[in-house]
1. Let me confirm something: among A:378, A:424, A:437, A:398, which residue is touching a helix residue (DSSP H, G or I) at 6+ places or on another chain (Cβ under 8 Å) and on the phi > 0 side of the Ramachandran plot?
2. Among the residues of the stretch A:496-505, how many are in contact with a helix residue (DSSP H, G or I) (Cβ under 9 Å, 6 or more places away or on another chain) and not in a strand (DSSP E or B)?
3. All but one of (1) assigned to a helix (DSSP H, G or I); (2) at the interface with chain A (Cβ under 7 Å from one of its Cβ atoms); (3) in contact (Cβ under 8 Å) with a residue 40 or more places away in the chain; (4) in contact with a strand residue (DSSP E or B) (Cβ under 8 Å, 6 or more places away or on another chain) hold for residue B:60; which doesn't?
4. Select from the stretch B:71-85 the residues that are in contact with a strand residue (DSSP E or B) (Cβ under 7 Å, 6 or more places away or on another chain) and more than 9 Å from every other protein chain (Cβ to nearest Cβ) and list them in ascending order.
5. Please specify each residue of the stretch A:348-367 satisfying the condition of being outside any helix (DSSP H, G or I) and crowded, with 18+ Cβ neighbours inside 10 Å.
6. Does residue A:609 count as within 14 Å of chain B (Cβ to nearest Cβ), surrounded by fewer than 20 Cβ atoms within 10 Å (Cβ to Cβ) and modelled with pLDDT of 90 or more?
7. Answer yes or no as to whether residue A:507 is under 22 Å from residue A:325 (Cβ atoms) and without any contact (Cβ under 8 Å) to a residue 24 or more places away in the chain.
8. I'd like the full set of residues that are within 30 Å of residue A:348 (Cα to Cα), assigned to a loop (DSSP other than H, G, I, E, B) and out of contact with any helix residue (DSSP H, G or I) (no Cβ under 6 Å at 6 or more places or on another chain), limited to the stretch A:278-313.
């Protein structure tokens, strides 16, 4: 007969307010097998855990059910506590009274009854639990960082400085990300490239960092400490070892009128190009869509001009498979385009631009060398309107969340404009000013007070063109909603921050969760913000949610610390939630009949064929065997098995049916 | 029929998507009806549909099976196996005369807290309207016991 203890937690008011915990604890005493049932204000606290440990010893419990929050939250905590008290940690289960009961139902008998039911089910499960032992696996001490923006660079440098190898994968031809496009950064107004490019060079020259630019992650297999990552190295059409980065090919390329992505379409580039002069690595790529040779079969000027004969028109994409111990995602964000706004002219007006385009206009390395010129006719704009929350906090047409960085960069843009055009007028339409951060509000106040930027609280309903001017029709809600009409020369939309293109696809490749906007999901919003729910995969920066540079860098260092911590172990312990094929004494050997349907069902190729041989060496039968190092414990093979020869430890047939029988 | 019939609903959910989604429902404090009892499995691929029948046999009036959306499976393809089995199971149950309004197959991701509440409410209302599933227990019970 089992000796099971039930520990019901009030979680302060979180459970106690809707579930009658005292009554639940009383009800649980009547469940067969339960010898001890108590409730406590905070089970997870030190006295709470100690109470449980003492009860385990005093009542010689052989199984424990903790009725508290989600097992996804505190299962490791209570299993560790149970283990310390001398029972097998896997004899501890959690009933989810908080997320699945008290928080989602009204106070009443039905809710209390449900709480007791949830516990009863888990008590039945624990009765059928088997002591399990964690599986030890080796660690490959090489990290992969996906995304070479400021976040990815920081992660790579921190891990590399910790003494471990890092592979930094970037999809575009150069590392640097969005930060390399910025002119100056808030709240200090220091030049973005001046602080970033040394970091880029440091990453490229670090002996522990391998850069893989113009590369994308194609496939990820394996698990924490032992990932196998396949990376597609896109063909640059160039031998990187021979190329010296002299730039002669770029000068001579006849195709010069291609819209430049780095300058957000405000400038032009050639078909063989380096995204920007400070690119790392400073090696060109050939843009296959626009290269004359790939379009017409004739040209090859770059090949003829190259002094080191580095051009390779026959180069193909290359697939490289790497052994990786931990992965950090730092894939960043994208900005909503101006064509998403019908009321602002669907992006048809050249002088209605987004924030990143303004950055390029203001940047000394930009298409205008930092001189304020509007895109349509190159004239200096005398009046500029900035519209914050373009698409953000807009449930109807945009995204419901706050993009977080726009208030600050809009203040910065208005300031930069006023610094460049002293006589100019800058207006900002805003909903609220959200300037939480060190020196942030002071910065916005400076824009308003010292640089005389006019802040108007209200939305803009329409912009149209008339006599070479953009007529901005808005309202001032602090003046009782009075209409405001401004004749502007240029309009800058602070468009919403969105998850990057194909981030959902990447999440699916890596098996990490993502939210409905395509941002990657953290394991816990407060306590595990840099981890994903997939062990060994971490997050940094705006791929998780809109973030500014200081936050991205801080999170990047956090993720790096997690990786270095992981790599400080000689071997990792894994949950023993794996499938097992039963074995019995001769002459039965197993109920497995060797149909190997399970092999086809297994997503991890964890099922092997094992030959049972007689002493003569003759093969008696071939049975399935599961490699516990590869098995991830999904249990698909268990449901596939026709003879029920496979069972999943921790979620065995016996356990699940025991749960069902008590419902 | 009992005047105030409250159905018993059993939900088989995967650990990574729907269980996490139901956790999010809680974190978001979205209220739903308390008839559902959740059984956590690692993956919908783990679900042997005999379990669904067992649940109905042991007193459930309705069953929910829910996991990750196609492509989102934590284990790459477990949900596809679940879906394939579901197609066969559903056909077979229809032939056998089991009322398929009792069994709901759905996808709820870890981000869809509101969707979980909606699903539970829909299923609970539907099963409440259908009444207790005594019929199933009579047939099965006659065979087994």
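The values are calculated or read from the model by the stated rules, or taken from the named source; none is laboratory data. Everything numeric in this text was worked out from a predicted model, so none of it was measured. All Cβ positions, even for glycine, are placed from backbone atoms using ideal geometry, and neighbour counts span all protein chains on display.
1. A:437
2. Total satisfying the criteria: 3.
3. (1)
4. Across the stretch B:71-85, the qualifying residue is only B:79.
5. A:349, A:351, A:352, A:353, A:354, A:363, A:365, A:366, A:367
6. no
7. For residue A:507, the condition - under 22 Å from residue A:325 (Cβ atoms) and without any contact (Cβ under 8 Å) to a residue 24 or more places away in the chain - is met.
8. If the condition is that a residue be within 30 Å of residue A:348 (Cα to Cα), assigned to a loop (DSSP other than H, G, I, E, B) and out of contact with any helix residue (DSSP H, G or I) (no Cβ under 6 Å at 6 or more places or on another chain), then A:287, A:289, A:290, A:291 are the ones that fit.
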